[in-house]
Amino acid sequence: MIPINDLVITPQVEAEVREAIDRVLRRGWYLYGPELESFEREFARYCHVEHGVGVANGTDALELGLRSLGVGHGDDVIVAANAGMYATTALRAIGARPVFADVDPGSLNLSVETVAPLVEDGCKAILVTHLFGRMADMATFRDLADSVGVKLMEDCAQAHGARQHGRPAGCWGDAAAFSFYPTKNLGAMGDGGMVTTPSEEVGVRLRRLRQYGWKTKYVSVEDHGRNSRLDEMQAAVLRAKLPYLDKNNTRRQAIARAFAAVEHNDITHPDVEGPDYVAHLYVLRSENRDSLREHLATHEIQTAVHYPMLDTQQPSLPKAWRNSGRLMESEKATSRILTLPCYPGLGDEKVAKICQTLRRWQST
Ligand SMILES: *Cc1c(COP(=O)(O)O)cnc(C)c1O
């Protein structure tokens, strides 16, 4: 069986991770210590920003990131509806209102064409998710946000190491959220997250928000403070793995290019070119998605669907916000998308088997 993911690390990385964990054990310092400080510095530098603030997970990074930009109860924030409900969950926690914009039919990301008309109606911020590891057009989003004076936030949970015009995901927004969930391009061995920001002021606010709103010990000056920590073990693991991120992304990109070279009249491949796609997920589209999925399962190839429903279709969402009428491209894609296994540990033989199995599929 070829699983949709395999998180076992190579012996070399394993040795380095063990050494990192040993370092934490010997030190006996488990929260807000030197590993977190170093990882925040190292990851911020990797993202070309001044400040990195570790938090407990990616959803917290979204919530605290939005709060640090001044998004509060009742504010409108523009988001995509096809990005797994994470952004909407963060907005719901704040009491802010998701304003759903449709996506570009090619990249399935928000585009300035889909977002600009909604910005004119007024909003506090635009939250752009770099879906499947493909960056949205950030230079254009940056111009749009600046020209109308709204905040721009990135969700980089699927795009660690992606670069556009030489600048990494995470340095374009006023703040950017990362998740280090184990399957991400940079994954911890448990939960983890970070907010990156070029702003000293936003950074200071984030450090307060993640620790009860404290300015100094036991003195809470920031409303809506939380407890959201990236612990020393995870920070040490992430420090050990960060030097391998670019190499792993290169391997993911090579696998994606191999899939994209398979010609089939009922398979539409994603654009796999350029450094702004780090192949977090390989998501193809087909008119007969379920039949293709079954064919692959018969040949012991596991697949997934990211994501089977739009945020606007989620039962938890208040009915008044299920304004799905204008999300034509998002809806259309939902029944066609299929995710293939694509991760650094996927060997050439397995990649070849997946390609061959795709080629042999007789679409009905
Ligand atoms: C994984 C993911 C998140 C959430 O990260 P957690 O660490 O699981 O909270 C947010 N946004 C996107 C796009 C993701 O893929």
inquiry  = Rounded to two decimals, what is the ratio between the C-alpha radius of gyration of the range 47-122 and 2.2 N^0.38 Å?
reply    = 1.18
query = For the chain, what is the accessible area per residue in Å² when the probe is 1.4 Å?
reply = 43
key: Percent RCO, i.e. relative contact order, over the chain, from Cα pairs under 8 Å lying at least 6 residues apart   = 23
inquiry  = Suppose we keep just the DSSP beta bridges with both residues in the range 72-194; what percent of those would be antiparallel, to 5?
reply    = 20
task = Sum up the lysine pairs in the chain that clear both bars: alpha-carbon distance under 20 Å and a spacing of 8 or more or different chains.
result = 4
query = Got the relative contact order for the range 32-186 handy, in percent, Cα pairs under 8 Å and 6 or more residues apart?
reply = 24
Inter-label distance for residue 29 and residue 220, nm, one decimal - labels placed 7 Å from Cα along Cα-to-Cβ = 2.7
inquiry  = With a 10 Å cut-off between alpha carbons and a GNM built on the chain, which of 73, 48, 130 moves the most?
reply    = 73
query = Across every pair of different alpha-carbon atoms, what Kirkwood hydrodynamic radius in Å does the range 72-228 reach?
reply = 16.2
remark   = A student asked for the Cα radius of gyration and Dmax of the chain in angstrom ought to give 20.5, 66
inquiry  = Report for the chain the percent antiparallel among DSSP-assigned beta bridges with both residues inside it, nearest 5.
reply    = 55
Dipole magnitude (debye, nearest 20) for the range 193-283, charges at Cβ of Lys, Arg, Asp, Glu = 680
remark   = Log entry: pair-distance distribution for the range 246-364, C-alpha pairs binned every 10 Å from zero, whole % per bin is 13, 40, 30, 15, 3
Cα-Cα separations in the range 8-157 greater than 28 Å, expressed as whole percent = 31
query = In whole percent, how big is the carbon plus sulfur part of the accessible area of the chain, probe 1.4 Å, protein atoms only?
reply = 49
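The values are calculated or read from the model by the stated rules, or taken from the named source; none is laboratory data. Please read these numbers as outputs of a predicted model, since none were measured by experiment. Because the Cβ atoms are built from the backbone with ideal geometry, glycine has one as well, and the counts that use them run over all protein chains shown. SASA here: full protein model, heavy atoms, side chains in, ligands and nucleic acids out. Shrake-Rupley method; radii C 1.70, N 1.55, O 1.52, S 1.80 Å.
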